[in-house]
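Let me begin by presenting the structure, written as C-alpha cells, before commenting on it.
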DNA sequence: CACTTTTTTAGAATCATTATAAACTAGTTA
DNA sequence: TAACTAGTTTATAATGATTCTAAAAAAGTG
C-alpha cells in the first residue's frame, strides 16, 4: 500500500487503522474539509469497519502535527480540518455552516507590515464570512 | 450611568448586571481580548460582586449580537472575544497563546477576487500565527 | 399596586475532546 | 519462532466549556 512508506518516514507505524484513515483522507483527487465525527462516519461507510473514536482523534492529531492535515481557524462547536495543506484561505457560509476553499490567487498578496520582536510568521489565514 | 441609554436603544433592559459588565468591558481607553472565564474574574475583581456565569454568557452573546463585541475566529478550547469591533485582524502567538491586534493599516488592502453566487461578504478576518 | 415580560441564577445536562490503563501489534533481536 | 520493547488501539471514564432549565427576582407599564 502506498501510504506505508509515508507513515514510516514520519516515524508513525503503519497500522491497519492508520492506513485505512490515509485511504479515506488522501486517496482522492479532491481535497476536503471535515470534522472528527464526519470522518468517523466516512470511515465506517468506506471501509465497513469501525475504528475507535479515540484512534480517529489520535490519528488526525498525529497527521496534523506531521503537516498532512491543517486545522481551520473558525469558531464552531466542532473543529474543522482540511486535507488541503497548501497555503490557502476559506469562505465560511454562515447560513449553511459550510466552508469553501479560497485559493491564494483569489485573494492576492497579503503583506503584513507590523513585526513582532523575536517572532516569525508561521501562517497567514484569511476567513471570509458570507451572508445572504 | 452612561450605558443605560445604549442598552435601552438596543432593546436590552439596563439591569445592574449588564451595567456592571458594560463598565468592565467598555469603560476603558484600550480595547482588549478575553474569554468568558477571564471576564468573570475581571468582574469579580473590579466590582466586588459576583455575577452568575450563565449571566456572563448571556450578556456576552447579547452584546455580540448587537455588535458591541466580536468573536475572534481561532481554534482554542475557549472562545475569545474582542471589545475592538472595528475592522481589524490578529496575530496569534502560538507559544504564549496570546492574541495581538493587527490594524487594517498594518495588513494593507485585501481584495477577494472570487465571488459566490447570491452571497455577500460579511467580514474578512486575517489570523497570523506566530512562532519563535 | 397589579400585572406581564424579561432577566438572573444555581445547578443540571450536553457534547466535543482528552485521559486512562489494559489489551494488542509492530518491529527487533536472538 | 520466541521473547522483548516500544508504540498503538480501545472502551470507557473524566474533563471542561457551553447551554439548558425552571424558579425567583427585577424591570417596565398602566
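The values are calculated or read from the model by the stated rules, or taken from the named source; none is laboratory data. Predicted, not measured: the structure shown is a model, and the values here were computed from it. Cβ placement follows ideal geometry from the backbone for every residue including glycine, while neighbour counts extend to all protein chains displayed.
Assorted remarks:
- For the stretch B:35-58, taking the residues that are out of contact with any helix residue (DSSP H, G or I) (no Cβ under 7 Å at 6 or more places or on another chain) and within 21 Å of residue B:84 (Cβ to Cβ), the one that is farthest from DNA strand D (Cβ to nearest atom) is identified as B:41.
- Single residue of the stretch B:2-58 satisfying the filter (touching a strand residue (DSSP E or B) at 6+ places or on another chain (Cβ under 8 Å) and part of a loop (DSSP other than H, G, I, E, B)) that is farthest from residue B:73 (Cα to Cα): B:31
- Per this entry, residue A:68 is counted among residues that are under 30 Å from residue B:89 (Cβ atoms) and away from every other protein chain (no Cβ under 13 Å).
- Selection from the stretch A:12-34 of residues that are over 16 Å from the mean Cα position of the chain (by Cα) and in contact (Cβ under 8 Å) with a residue 40 or more places away in the chain: A:12, A:17
- Evaluating residue B:70 against the criteria (1) in contact with a strand residue (DSSP E or B) (Cβ under 8 Å, 6 or more places away or on another chain); (2) over 19 Å from residue A:113 (Cα atoms); (3) in contact (Cβ under 8 Å) with a residue 24 or more places away in the chain leaves one unmet condition, (3).
- In the stretch B:107-131, the residues that are facing chain A (nearest Cβ under 7 Å), assigned to a loop (DSSP other than H, G, I, E, B) and without any contact (Cβ under 8 Å) to a residue 12 or more places away in the chain: B:108, B:111, B:113, B:114, B:116, B:119
- Of the criteria (1) buried (at least 17 other Cβ atoms within 10 Å of the Cβ); (2) touching a strand residue (DSSP E or B) at 6+ places or on another chain (Cβ under 6 Å); (3) over 22 Å from residue A:98 (Cα atoms), which one residue B:100 fails: (1)
- Of residues in the stretch A:76-99 being within 7 Å of chain B (Cβ to nearest Cβ) and at pLDDT 95 or above, the one nearest to residue A:56 (Cα to Cα): A:79
- Considered as a group, the residues in the stretch A:1-17 that are more than 21 Å from residue A:48 (Cβ to Cβ) and loosely packed, with under 11 Cβ neighbours inside 10 Å include one that is nearest to DNA strand D (Cβ to nearest atom), and that residue is A:13.
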